[in-house]
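Peer 1: This structure is in structure tokens; I'll ask about it shortly.
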Amino acid sequence: MTAEAHKVVATESNFRQAVVEASQARPVLVDFWAPWCGPCRTLMPMLDRLADDYGGRFALAKVNTDEEGRIAGHYGIRSIPTVLLFHHGEVVDQFVGVQPESTIRELIDRHLDGGTPAAQPSGPAALAAAQLDARDAVAAAASISELEAAEPGHPSLASLRARLAFLEAAIARPDVAALRTALEADPRDAASRHALAAHHALAGDWATALSEWLELMRQDRAWGDDLARRSVLMAFDVLGETHELVAPARRRMASLLH
């Protein structure tokens with residue numbers, strides 16, 4: 001345990017108590033990192049600062065994957081940094097790679113008592129969002145259809161539809177390791193590249209997801225009825241126009257289109 005009560009170095013011996021059980025009282029953000037990982041060195045100071053800024057409303061746990069490989073393996077950590085958010089004993093949110101501070105704050109706020117409800121979907125939209133978080137594509141599709149019938153202009157519809165499309169693509173090809181192997185064998189395997197991008201999107205690694213779809217656009221614009229371009233636009237629906245990844249991705253897309 002560090003000097004601050006809201007920060008802990010998590011190991012196999014204390015993980016259940018310091019993370020799983022502790023998350024019953026408040027959210028616990030778990031940073032999976034390694035000393036050799038450059039992006040980890042960028043992300044960790046940001047997480048430390050956020051933990052201090054929030055004054056203990058969430059706890060920060062750090063897992064050195066070089067030393068705690070069994071924990072990383074148990075939670076399916078394939079790339080670092082990966083950050084999991086535990087609440088009430090379960091993983092309720094996550095992201096991969098270095099994300100903007102505003103994005104991380106939004107993720108934390110979603111799971112804090114007295115957070116920022118105005119920024120969250122409400123009513124049927126909230127139900128659909130929760131079903132998407134739980135990766136229940138069938139239930140989410142039904143809820144989205146119900147919402148669309150009741151409120152065709154609801155501001156959350158485009159984002160929810162996009163998330164559902166990515167979830168369905170990931171469910172259809174669930175084995176991420178197999179997708180990577182397929183792409184190593186054939187970098188022009190469009191179906192595998194699209195599915196891998198969808199997995200990155202679901203994990204919150206939007207930079208990699210957009211990069212994969214833009215590469216697919218470069219390789220084969222026509223594939224899947226222009227699915228790569230449509231996926232990039234759907235990602236924009238989820239991220240919002242002000243997200244820092246959107247403008248450069250738009251410029252790259254424009255260069256590929258023209």
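The values are calculated or read from the model by the stated rules, or taken from the named source; none is laboratory data. It should be emphasised that the depicted structure is a prediction, and the values quoted were computed from it without experimental measurement. Counting neighbours? That spans all protein chains shown, and the Cβs are built from the backbone with ideal geometry, glycine included.
Peer 1: Among the residues of segment 34-67, which ones are among the aromatic types (Phe, Trp, Tyr), at pLDDT 90 or above and within 21 Å of His87 (Cβ to Cβ)?
Peer 2: Phe58 - this is the single residue of segment 34-67 that is among the aromatic types (Phe, Trp, Tyr), at pLDDT 90 or above and within 21 Å of His87 (Cβ to Cβ).
Peer 1: Return the residues of segment 22-56 that are charged (D, E, K, R) and under 18 Å from the mean Cα position of the chain (by Cα); say none if nothing qualifies.
Peer 2: Within segment 22-56, just Asp31 meets the criteria.
Peer 1: Also, quick follow-up: Take the residues of segment 200-241 that are acidic (Asp, Glu) and assigned to a helix (DSSP H, G or I): which is modelled with the lowest pLDDT?
Peer 2: Asp237
Peer 1: Among Pro81, Pro35, Pro124, which is the only one that is closer than 30 Å to Gly153 by Cβ, touching an Asp or Glu at 6+ places or on another chain (Cβ under 7 Å) and either in contact (Cβ under 8 Å) with a residue 12 or more places away in the chain or assigned by TED's automatic domain parsing to the domain that holds Leu167 (or both)?
Peer 2: Just a single option satisfies the conditions, and that option is Pro124.
Peer 1: Filter segment 166-201 for residues that are crowded, with 20+ Cβ neighbours inside 10 Å and hydrophobic (A, V, I, L, M, F, W, C) and give the result.
Peer 2: Result: Phe166, Leu167, Ala169, Ala170, Leu179, Ala195, Leu196, Ala197, Ala198, Ala201.
Peer 1: Right, next: Among the listed residues Ala141, Ala125, identify the single one that is modelled with pLDDT under 90, over 18 Å from the mean Cα position of the chain (by Cα), small (Gly, Ala, Ser) and in a helix (DSSP H, G or I).
Peer 2: None of the others qualify; the one that does is Ala125.
Peer 1: Out of segment 239-257, which residues are among the aliphatic types (A, V, I, L, M) and surrounded by fewer than 18 Cβ atoms within 10 Å (Cβ to Cβ)?
Peer 2: If the condition is that a residue be among the aliphatic types (A, V, I, L, M) and surrounded by fewer than 18 Cβ atoms within 10 Å (Cβ to Cβ), then Val246, Ala247, Ala254, Leu256, Leu257 are the ones that fit.
Peer 1: Quick one: in segment 62-108, of everything that is small (Gly, Ala, Ser) and on the phi < 0 side of the Ramachandran plot, which residue is surrounded by the most Cβ atoms within 10 Å (Cβ to Cβ)?
Peer 2: Once the filter is applied, the top-ranked residue is Ala72.
Peer 1: Quickly run through segment 73-95 and pick out the residues that are of a type outside the set (S, T, N, Q), outside any loop (DSSP other than H, G, I, E, B) and closer than 23 Å to Arg26 by Cβ.
Peer 2: His74, Val83, Leu84, Leu85, Phe86, His87, Glu90, Val91, Val92, Asp93, Phe95
Peer 1: So, one more: Are any of the residues in segment 226-233 more than 15 Å from the chain's Cα centre (by Cα) and in contact (Cβ under 8 Å) with a residue 60 or more places away in the chain?
Peer 2: Taking every residue of segment 226-233 in turn, at least one turns out to be more than 15 Å from the chain's Cα centre (by Cα) and in contact (Cβ under 8 Å) with a residue 60 or more places away in the chain.
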